[in-house]
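What follows draws every value from the coordinates through simple rules; no lab data is involved. Note that the structure is a prediction, hence the values are computed from the model and not measured. Ideal geometry is used to build each Cβ from the backbone, glycine not excepted, and the neighbour counts take in all protein chains shown.
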Amino acid sequence: MFTVRRWLFAALAPVVVVVVVRWGVGAGLTLLDLGALSALILVIVWWQINGTTSLYDLRLHGRYDESYRAELAGALVRVALAGVILYVSWRNATAAVATALAAALVTAWTADRSRPTAVAGEPVSADAVRAVGRYLLPRLPNAVYFVLQRQFVVWFAAIFGDAVSVANVGALGRLGLVVGAFGALTSVVFVPRLAATTTDRQFTRRFLQFGLITHTERAHAHPMTGPTG
């Protein structure tokens, strides 16, 4: 997984730099700011790759508490730094991105400290890498759409609408936090436990249990969408 993500990082890093530079030139940023911002974004993504890999290792080996603590530590650091930036009125893109870098570093460092030593040094076979690539490549277009679709919505609202339209899009997007909570629950809690199953019977039982929990929680969160009887 780490190798595949590293390949994607190398392939898409130049695209990210071009996008940031084009945006920064239009926003009136200096070359120094553009260079710092581009470097920060690339370093953030790199450390997020490392941190995410360590988190998955912990969860796949049943060490859920350590993985949750690592994510929580990064989130708390980012919130604290954001508060400091607001307090000192240092409100610019570089400072905002720096908070994400600090969070990624803390998460990766905390997760790596708890990561099993044997796992960290295990070699990855070429066959395993090819198998993961064959599984991920068909899913890549959907992943790209998922990443970009919200930005496109805001962009179109800004082009064809006005400030009120953009504000409405942002307000409606907050409703997506409810769905996002279930998405995080699935990827952080359910999927690692499903991946750790060793028998088809155990997998089926857990799958049905998790599906029932998700359906029940969504019914409570959206009572109007439940059965009307």
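So that you can scan it fast, the table gives a plain yes or no per residue for (1) hydrophobic (A, V, I, L, M, F, W, C); (2) touching a helix residue (DSSP H, G or I) at 6+ places or on another chain (Cβ under 9 Å); (3) in contact (Cβ under 8 Å) with a residue 40 or more places away in the chain:
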position: TRP7; (1), (2), (3): yes, yes, no
position: ALA11; (1), (2), (3): yes, no, no
position: VAL15; (1), (2), (3): yes, no, no
position: ARG22; (1), (2), (3): no, no, no
position: SER38; (1), (2), (3): no, yes, no
position: LEU42; (1), (2), (3): yes, yes, no
position: TRP47; (1), (2), (3): yes, yes, yes
position: ASN50; (1), (2), (3): no, yes, yes
position: THR53; (1), (2), (3): no, yes, yes
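Can you give me the number of residues within segment 29-44 that are surrounded by fewer than 18 Cβ atoms within 10 Å (Cβ to Cβ) and assigned to a helix (DSSP H, G or I)?
8
Yes or no, residue by residue, for (1) buried (at least 16 other Cβ atoms within 10 Å of the Cβ); (2) under 26 Å from LEU194 (Cβ atoms); (3) of a type outside the set (S, T, N, Q):
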{"site": "VAL25", "(1), (2), (3)": "no, no, yes"}
{"site": "THR52", "(1), (2), (3)": "yes, yes, no"}
{"site": "LEU58", "(1), (2), (3)": "yes, yes, yes"}
{"site": "HIS61", "(1), (2), (3)": "yes, yes, yes"}
{"site": "ASP65", "(1), (2), (3)": "no, yes, yes"}
{"site": "ALA93", "(1), (2), (3)": "yes, no, yes"}
{"site": "THR99", "(1), (2), (3)": "yes, no, no"}
{"site": "ALA111", "(1), (2), (3)": "yes, yes, yes"}
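Is there a residue being closer than 30 Å to ARG130 by Cα, in contact with a Phe, Trp or Tyr (Cβ under 8 Å, 6 or more places away or on another chain), of a type in the set (A, V, I, L, M, F, W, C) and not in a helix (DSSP H, G or I) anywhere in segment 1-13? Outline the logic, then answer.
Here is the first cut: in segment 1-13, the residues closer than 30 Å to ARG130 by Cα are 1-13.
Subsequent filtering for residues that are in contact with a Phe, Trp or Tyr (Cβ under 8 Å, 6 or more places away or on another chain) retains 1, 9.
Narrowing further to those that are of a type in the set (A, V, I, L, M, F, W, C): 1, 9.
Then drop every residue that is not not in a helix (DSSP H, G or I), which leaves 1.
Yes; the residues of segment 1-13 include at least one that is closer than 30 Å to ARG130 by Cα, in contact with a Phe, Trp or Tyr (Cβ under 8 Å, 6 or more places away or on another chain), of a type in the set (A, V, I, L, M, F, W, C) and not in a helix (DSSP H, G or I).
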